[in-house]
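*Asks:* Questions regarding the structure given below will be posed in turn.
The values are calculated or read from the model by the stated rules, or taken from the named source; none is laboratory data. Since the model is a prediction, treat every value here as computed from it, not as a measurement. No Cβ is skipped: glycine too gets one built from the backbone with ideal geometry, and neighbour counts run over all protein chains shown.
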2 protein chains.
Amino acid sequence: MRAAVFNGPGEIDIEERPKPEIEGPDHAIVRVTHTAVCGSDLWFYRGESDREAGSRVGHEPMGVVEAVGEDVVSVEPGDRVFAPFLQSCGRCEFCRRGLHTSCVDVGSWNGDDGGAQGEYVRATHADGTLVRVPDRYADDEGVLRSILPLTDVMGTGHHAVRSAGVEAGDSCVVVGDGAVGLCAVAAARRLGAERIVAMGHHEDRLDLARAFGATDTVAARGEAAVERAHDLTHGGAAHVVEAVGAASAMETAVEVCRPGGTVGYVGVPHGMDGLDLYPLFGDNITLRGGVAPVRAYADDLLADVLQGTLDPAPVFTETVSLGDVPEGYRLMDQREAVKVLVEVDA
Amino acid sequence: MRAAVFNGPGEIDIEERPKPEIEGPDHAIVRVTHTAVCGSDLWFYRGESDREAGSRVGHEPMGVVEAVGEDVVSVEPGDRVFAPFLQSCGRCEFCRRGLHTSCVDVGSWNGDDGGAQGEYVRATHADGTLVRVPDRYADDEGVLRSILPLTDVMGTGHHAVRSAGVEAGDSCVVVGDGAVGLCAVAAARRLGAERIVAMGHHEDRLDLARAFGATDTVAARGEAAVERAHDLTHGGAAHVVEAVGAASAMETAVEVCRPGGTVGYVGVPHGMDGLDLYPLFGDNITLRGGVAPVRAYADDLLADVLQGTLDPAPVFTETVSLGDVPEGYRLMDQREAVKVLVEVDA
């Protein structure tokens, strides 16, 4: 089978790799039809985080079940499924509490199970991990494009907004105009936020933010951006989303947060020597969030996508084939794409 | 009037200073009868934080109102009062929401208003800041000793526990066996926590923690301490209090926190180059807290002290006169006292 492989910073190649097989009763083999390139993939692509050379990549699988182990009950061969960026058992304390990312047997899409940017992956906890797409939508390419972000960025944006404590009628600020920030805007609108201020550096992405529900956008940088956000929120928002994971974005998020407010953060902390707690301490700003348990949100978000009230598909501004995954990384790295969809079986 | 003054690291002196006077309609002059030395005073005492040489010190005033401005309605001359470590207006958005520390006109006990370790202080927002002790308790030295911690450490411990989300029946871990940690234990018991694990390095203070309501204590250090806390809480507590403000204590607090749990922190962040967010990120641990709005809690805590169900007085393990305030600092610095009470009019 063909799979995208990381061979060092800037080097993604398509190589032949062994196809994963059922090796346990909870396993399922999924023929990947759609996947994506993630902003978090850029950290190793740029050499800013470590990753083993030769490792398979991709963590946003959607496809068709090809085979299942004998204990699997929730899916069967032929089902269209998608899965979060982490595998989870679905049965432990943390999965039952909706914190699948802290599953006692949490697993990544990697190594022997295959990366999602490849022709096949193995779910080692198929019942706990895979989400079935109802048959009537299983081959609707338009719907599948809208569902695919639920593997990562849409669930992550939702987690950020939930972590920030956004409820109907609230005002919130979303720092970051990448795919997660845009999805956070959509999530905030979905939860009924009345004022949604999107902050970013790219006019075209802020246009998308407005399409997703932002009532205001701030394209300025530095102090001017913070001042503008303060003006728009009359002194800071009680709910702020940090959707980047960079030190500067976290700093901005804290600065635009109202005393006593909450910063919901979901960007993988990156390039931070450490967070200066003092600005949070002085104004009792809560920091809540972390790696998003998107499995916990998949069913609710899927229902909204299927009824047409939520559509994160516009985050995919470019589409490539599996063979062009290296080009997909380049497009993301150069910010020529917000997010790249990969049609694996194209 | 006599007042304690900071003249450089390790140098606290009693000097003559001008007595503050009423200069505005919201002012009150309080003749200080009792005050205390605070763990946070040690940062400048040890030269670990900056403070202007010659500045007055102390921020935990209790005393008798001597004079009030014409607009003051809540206290009158002769009233026994105490006050939080910060002054606040009581009328702005933040005061009304119980976040008096973010008052739009927040003020410290310092400069012209006088430090609390002196014979007089001026409250510039008397109605928003001073808390009146009912007349029947106004001269009961035993009760006054129990009330005095409400100026700072008891309200701070309570804020930590509230920030950590402790509710009746919960298990929690309190990291730190200083006065704030001990008060956090008392606060957790007051809120109905069923299991309270106190972690510290001093057996005598942990004995006090047990007297305050700790069901278990952990005196070990490093990995052994974390393992013991994990054993006691079956894998970490959902509610953890960080009551020190040092990097090592914050690290321990995060390590003993259960995935999805909350660390409530109230120690002034100190000696931290920056908090490594990654351990919080991976397990979705919330960080909530900050400088404690003790004015918000004063009335409720006072009611409990007066009815005898809360008594933080045992944190005062030494008592000195105003003239011996320098010795009080030494006792705190050398850890020969948990907290020092100052009888200013003795």
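*Asks:* Counting just the residues of segment B:235-268 that are small (G, A, S) and in contact with a Cys (Cβ under 6 Å, 6 or more places away or on another chain), which one comes out farthest from the other protein chains (Cβ to nearest Cβ)? Write out each step before concluding.
*Replies:* Taking segment B:235-268 as the starting set, the residues that turn out to be small (G, A, S) are B:235-238, B:243, B:245-249, B:253, B:260-261, B:264, B:267.
If we keep only those that are in contact with a Cys (Cβ under 6 Å, 6 or more places away or on another chain) as well, we get B:236-237.
Details: B:G236: 10, B:A237: 14 Å.
This residue is B:A237.
*Asks:* Which one of these does A:G264 not meet: (1) assigned to a strand (DSSP E or B); (2) over 26 Å from A:Q87 (Cα atoms)?
*Replies:* Of everything listed in (1) assigned to a strand (DSSP E or B); (2) over 26 Å from A:Q87 (Cα atoms), A:G264 misses just condition (2).
*Asks:* Please indicate, with yes or no, whether at least one residue in segment B:312-332 is more than 14 Å from chain A (Cβ to nearest Cβ) and assigned to a loop (DSSP other than H, G, I, E, B). Reasoning before the result, please.
*Replies:* First, the residues of segment B:312-332 that are more than 14 Å from chain A (Cβ to nearest Cβ): B:312-332.
The next check asks that each one be assigned to a loop (DSSP other than H, G, I, E, B); those that pass are B:312.
Looking through segment B:312-332, at least one residue is more than 14 Å from chain A (Cβ to nearest Cβ) and assigned to a loop (DSSP other than H, G, I, E, B).
*Asks:* Continuing with the same structure: I'd like to know if segment A:219-228 contains one or more residues that are free of Cβ contacts under 8 Å to residues at least 40 places away in the same chain, of a type in the set (K, R), within 22 Å of B:V106 (Cα to Cα) and not in a loop (DSSP other than H, G, I, E, B). First the steps, then the outcome.
*Replies:* In the first step, residues of segment A:219-228 are kept if they are free of Cβ contacts under 8 Å to residues at least 40 places away in the same chain; the result is A:219-228.
Next, from what is left, pick out any that are of a type in the set (K, R): A:221, A:228.
Pick out the ones that are also within 22 Å of B:V106 (Cα to Cα) and you get none.
There is no residue in segment A:219-228 that is free of Cβ contacts under 8 Å to residues at least 40 places away in the same chain, of a type in the set (K, R), within 22 Å of B:V106 (Cα to Cα) and not in a loop (DSSP other than H, G, I, E, B).
*Asks:* Also, quick follow-up: Restricting to segment B:232-250, give me the number of residues that are in a helix (DSSP H, G or I) and either in contact (Cβ under 8 Å) with a residue 24 or more places away in the chain or in contact with a Lys or Arg (Cβ under 6 Å, 6 or more places away or on another chain) (or both).
*Replies:* First, pick out the residues of segment B:232-250 that are in a helix (DSSP H, G or I): B:232, B:247-250.
Next, from what is left, pick out any that are either in contact (Cβ under 8 Å) with a residue 24 or more places away in the chain or in contact with a Lys or Arg (Cβ under 6 Å, 6 or more places away or on another chain) (or both): B:232, B:247, B:249-250.
Residues flagged as in a helix (DSSP H, G or I) and either in contact (Cβ under 8 Å) with a residue 24 or more places away in the chain or in contact with a Lys or Arg (Cβ under 6 Å, 6 or more places away or on another chain) (or both) within segment B:232-250 amount to 4.
*Asks:* Mind listing just one residue for me: the one in segment B:25-45 that is of a type in the set (A, V, I, L, M, F, W, C) and within 14 Å of the chain's Cα centre (by Cα) and, of those, surrounded by the most Cβ atoms within 10 Å (Cβ to Cβ)? It would help to see each step written out before you state the result.
*Replies:* Taking segment B:25-45 first, the residues of a type in the set (A, V, I, L, M, F, W, C) are B:28-30, B:32, B:36-38, B:42-44.
Of the ones still in play, those that are also within 14 Å of the chain's Cα centre (by Cα) are B:36-38, B:42.
Values: B:A36: 28, B:V37: 32, B:C38: 25, B:L42: 17.
Looking at the filtered set, the residue picked out is B:V37.
Table: residues versus (1) surrounded by 24 or more Cβ atoms within 10 Å (Cβ to Cβ); (2) under 27 Å from B:G213 (Cβ atoms).
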| site | (1), (2) |
| --- | --- |
| B:N110 | no, no |
| B:T129 | yes, no |
| B:R136 | no, no |
| B:G142 | no, yes |
| B:V153 | yes, yes |
| B:G157 | yes, yes |
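*Asks:* Check every one of the helices (runs of 4 or more DSSP H) wholly within segment B:77-187 and list those with 2 or more residues that are in the same structural domain as B:A225 (by TED's automatic domain parsing). Outline the logic, then answer.
*Replies:* Details: elements: B:93-96, B:126-129, B:141-147, B:153-163.
Filter on segment B:77-187 gives B:153-163.
*Asks:* Which of the residues that make up segment B:1-33 are small (G, A, S) and either assigned to a strand (DSSP E or B) or outside the structural domain of B:G78 (by TED's automatic domain parsing) (or both)?
*Replies:* Answer for segment B:1-33, where residues must be small (G, A, S) and either assigned to a strand (DSSP E or B) or outside the structural domain of B:G78 (by TED's automatic domain parsing) (or both): B:A3, B:A4, B:A28.
*Asks:* Please go through segment A:74-99 and pick out each residue that is within 12 Å of chain B (Cβ to nearest Cβ) and either modelled with pLDDT under 95 or surrounded by fewer than 19 Cβ atoms within 10 Å (Cβ to Cβ) (or both).
*Replies:* Once the filter is applied, which keeps residues that are within 12 Å of chain B (Cβ to nearest Cβ) and either modelled with pLDDT under 95 or surrounded by fewer than 19 Cβ atoms within 10 Å (Cβ to Cβ) (or both), segment A:74-99 yields A:C92, A:E93, A:R96, A:R97, A:G98.
*Asks:* Counting just the residues of segment A:274-298 that are under 12 Å from A:M250 (Cα atoms) and surrounded by fewer than 17 Cβ atoms within 10 Å (Cβ to Cβ), which one comes out farthest from the chain's Cα centre (by Cα)?
*Replies:* Of everything passing the filter in segment A:274-298, A:P279 is farthest from the chain's Cα centre (by Cα).
*Asks:* Pairs only if they're at least six apart or on different chains, beta carbon under 7 angstrom, first in segment A:10-36 and farther than 19 Å from A:G54 by Cβ, second in a loop (DSSP other than H, G, I, E, B) and modelled with pLDDT under 95; list them, first residue then second.
*Replies:* Taking only residues 6 or more apart or on different chains, the pairs are A:T33/A:D345.
*Asks:* Being touching a Leu at 6+ places or on another chain (Cβ under 9 Å), in a helix (DSSP H, G or I), of a type in the set (A, V, I, L, M) and over 25 Å from B:G282 (Cβ atoms): is that true of A:L341 here?
*Replies:* Considered against the rule, which asks whether it is touching a Leu at 6+ places or on another chain (Cβ under 9 Å), in a helix (DSSP H, G or I), of a type in the set (A, V, I, L, M) and over 25 Å from B:G282 (Cβ atoms), A:L341 comes out as no.
*Asks:* For segment B:202-260, which positions are under 22 Å from B:A292 (Cβ atoms) and surrounded by fewer than 19 Cβ atoms within 10 Å (Cβ to Cβ)? Break it down stepwise before answering.
*Replies:* Narrowing segment B:202-260 to residues under 22 Å from B:A292 (Cβ atoms): B:205, B:208-209, B:212-214, B:237-254, B:256-257.
Residues satisfying the conditions are B:G213, B:A246, B:A247, B:S248, B:E251.
*Asks:* Here are some residues: B:G267, B:G260, B:G271. Which one is at positive phi, at pLDDT below 95, not β-branched (V, I, T) and not assigned by TED's automatic domain parsing to the domain that holds B:R145?
*Replies:* Exactly one residue qualifies, and that residue is B:G271.
*Asks:* To continue, here is another question. Across segment A:285-311, what is the number of residues that are of a type in the set (A, V, I, L, M, F, W, C), more than 14 Å from chain B (Cβ to nearest Cβ) and within 29 Å of B:P279 (Cβ to Cβ)? Spell out the reasoning first.
*Replies:* Restricting attention to segment A:285-311, the residues satisfying the condition of being of a type in the set (A, V, I, L, M, F, W, C) are A:285, A:287, A:291-292, A:294, A:296, A:298, A:301-303, A:305-306, A:310.
This time we only want the ones that are more than 14 Å from chain B (Cβ to nearest Cβ), so: A:298, A:301-303, A:305-306, A:310.
Next, only the ones that are within 29 Å of B:P279 (Cβ to Cβ) stay: A:298, A:301.
Matching residues across segment A:285-311 total 2.
*Asks:* Given the criteria surrounded by fewer than 22 Cβ atoms within 10 Å (Cβ to Cβ), part of a strand (DSSP E or B) and in contact (Cβ under 8 Å) with a residue 40 or more places away in the chain, does B:E48 qualify? Show your work before the answer.
*Replies:* Details: surrounded by fewer than 22 Cβ atoms within 10 Å (Cβ to Cβ): yes; part of a strand (DSSP E or B): no; in contact (Cβ under 8 Å) with a residue 40 or more places away in the chain: yes.
No; evaluated as a whole, the condition is false for this residue.
*Asks:* Residue under question is B:V342, and the condition is that it be in contact with a helix residue (DSSP H, G or I) (Cβ under 8 Å, 6 or more places away or on another chain), β-branched (V, I, T) and either within 11 Å of chain A (Cβ to nearest Cβ) or surrounded by 23 or more Cβ atoms within 10 Å (Cβ to Cβ) (or both); does it hold?
*Replies:* Values: in contact with a helix residue (DSSP H, G or I) (Cβ under 8 Å, 6 or more places away or on another chain): yes; β-branched (V, I, T): yes; either within 11 Å of chain A (Cβ to nearest Cβ) or surrounded by 23 or more Cβ atoms within 10 Å (Cβ to Cβ) (or both): yes.
In short, yes.
*Asks:* Which condition does A:E227 not pass, out of (1) touching an Asp or Glu at 6+ places or on another chain (Cβ under 9 Å); (2) at pLDDT 95 or above, if it passes all the others?
*Replies:* Here A:E227 meets the rest and fails (1).
*Asks:* Inspect segment B:257-265 for any residue being hydrophobic (A, V, I, L, M, F, W, C) and under 24 Å from the mean Cα position of the chain (by Cα) and give the result as yes or no.
*Replies:* Within segment B:257-265, the first condition is being hydrophobic (A, V, I, L, M, F, W, C), and the residues that meet it are B:257, B:263.
Keeping just the survivors that are under 24 Å from the mean Cα position of the chain (by Cα) gives B:257, B:263.
Yes.
*Asks:* Continuing with the same structure: Considering only segment B:269-284, state which residues are within 7 Å of chain A (Cβ to nearest Cβ) and either assigned to a loop (DSSP other than H, G, I, E, B) or in contact with a Phe, Trp or Tyr (Cβ under 6 Å, 6 or more places away or on another chain) (or both). Reasoning before the result, please.
*Replies:* Residues of segment B:269-284 within 7 Å of chain A (Cβ to nearest Cβ): B:269, B:272-278, B:280-284.
Once the filter is applied, which keeps residues that are within 7 Å of chain A (Cβ to nearest Cβ) and either assigned to a loop (DSSP other than H, G, I, E, B) or in contact with a Phe, Trp or Tyr (Cβ under 6 Å, 6 or more places away or on another chain) (or both), segment B:269-284 yields B:P269, B:M272, B:D273, B:G274, B:D276, B:L277, B:D283, B:N284.
*Asks:* Return the residues of segment B:182-201 that are within 16 Å of B:V256 (Cβ to Cβ) and either buried (at least 16 other Cβ atoms within 10 Å of the Cβ) or touching a helix residue (DSSP H, G or I) at 6+ places or on another chain (Cβ under 7 Å) (or both); say none if nothing qualifies. Outline the logic, then answer.
*Replies:* Initial filter on segment B:182-201 (within 16 Å of B:V256 (Cβ to Cβ)): B:184-185, B:188, B:193, B:195-201.
Within segment B:182-201, B:A184, B:V185, B:A188, B:A193, B:R195, B:I196, B:V197, B:A198, B:M199, B:G200 qualify.
*Asks:* Another question, if that's okay. One residue is enough: does segment A:299-317 have a residue meeting the conditions over 30 Å from A:G98 (Cα atoms), at pLDDT 95 or above and surrounded by fewer than 18 Cβ atoms within 10 Å (Cβ to Cβ)?
*Replies:* Initially, segment A:299-317 is screened for residues over 30 Å from A:G98 (Cα atoms), giving A:317.
Still in the list and also at pLDDT 95 or above: A:317.
When the remaining residues are screened for being surrounded by fewer than 18 Cβ atoms within 10 Å (Cβ to Cβ), the result is A:317.
Looking for residues that are over 30 Å from A:G98 (Cα atoms), at pLDDT 95 or above and surrounded by fewer than 18 Cβ atoms within 10 Å (Cβ to Cβ), one finds at least one in segment A:299-317, hence yes.
*Asks:* Turning to a different aspect of this structure: Cβ-Cβ distance below 7 Å, separation of 6 or more or different chains: which pairs start in segment B:304-320 with a residue that is free of Cβ contacts under 8 Å to residues at least 12 places away in the same chain and not assigned by TED's automatic domain parsing to the domain that holds B:T35 and end on one that is part of a loop (DSSP other than H, G, I, E, B) and surrounded by fewer than 17 Cβ atoms within 10 Å (Cβ to Cβ)?
*Replies:* Note: no pairs meet the criteria.
*Asks:* Moving on. Against the definition (assigned to a strand (DSSP E or B) and over 22 Å from A:V266 (Cα atoms)), how does B:V291 come out, yes or no? If you could, list the steps in order and put the result at the bottom.
*Replies:* Working: assigned to a strand (DSSP E or B): no; over 22 Å from A:V266 (Cα atoms): yes.
In short, no.
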